[in-house]
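Peer 1: Just dropping this structure here.
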Amino acid sequence: MASDAYDAGLSVRRQVLGKEYVDSSINNADDFMMKLQDFVTEHAWGTVWQDDTIDKRTRSMINVALLAGLPRHDELRLHLRGALNNGVSKDEIASILLHIGVYAGAPCAVSGFKIAQEIFAEDGSDDE
């Protein structure tokens, strides 16, 4: 049975990452992976992302910085799309990735720029 946090999380997760991606992740999860889907939806998206102290746009910028700096490339790809959906500009993403280059190292920035360029091309935002 879904909790209020799960329902709220599912809504914002779809808004940020896209309904198609989220629904595919949930619908294609087996019993094992569903545990992760439920956890992430309820706790990350249903609790942390519901706190309006930090707006969604800023949260997306934080995610890009963290995921590029760690580096967590699969999640970076996903959250770059989320950042674009939340109104983060390409110039802001470039600035975030340059900042990562100073604090997490040039290799993280290089990877981040390459991944962002791929996402921009896939989403058609490389023409902007």
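The values are calculated or read from the model by the stated rules, or taken from the named source; none is laboratory data. What you see is a predicted model; the values in this text were computed from it and never measured. Glycine gets a Cβ as well: all are built from the backbone with ideal geometry, and neighbour counts include every protein chain shown. Ligands, DNA and RNA are stripped out before the accessible areas are found, and what is left, the full protein with its side chains, is counted by its heavy atoms. Shrake-Rupley method; radii C 1.70, N 1.55, O 1.52, S 1.80 Å.
Peer 1: If you take the residues of the range 84-106 that are in a helix (DSSP H, G or I) and free of Cβ contacts under 8 Å to residues at least 24 places away in the same chain, which of them is most open to solvent (accessible area, probe 1.4 Å)?
Peer 2: Among those residues, the one meeting the criterion is Asp91.
Peer 1: Then there is this: Which one of the conditions (1) crowded, with 19+ Cβ neighbours inside 10 Å; (2) in contact (Cβ under 8 Å) with a residue 24 or more places away in the chain does Leu67 fail to meet, given that it meets all the rest?
Peer 2: If we test Leu67 against (1) crowded, with 19+ Cβ neighbours inside 10 Å; (2) in contact (Cβ under 8 Å) with a residue 24 or more places away in the chain, just (2) comes out false.
Peer 1: Continuing with the same structure: Taking the conditions exactly as written (of a type in the set (Phe, Trp, Tyr), closer than 26 Å to Ala2 by Cα and either at pLDDT 95 or above or open to solvent by 40 Å² or more (accessible area, probe 1.4 Å) (or both)), does Phe39 satisfy them or not?
Peer 2: Considered against the rule, which asks whether it is of a type in the set (Phe, Trp, Tyr), closer than 26 Å to Ala2 by Cα and either at pLDDT 95 or above or open to solvent by 40 Å² or more (accessible area, probe 1.4 Å) (or both), Phe39 comes out as yes.
Peer 1: Still on this model: What pairs can you find where one residue is in the range 35-63 and over 15 Å from Leu17 (Cβ atoms), the other is in a helix (DSSP H, G or I) and open to solvent by 60 Å² or more (accessible area, probe 1.4 Å), and their Cβ atoms are less than 8 Å apart, with a gap of 6+ or different chains?
Peer 2: Ile54/Ile62
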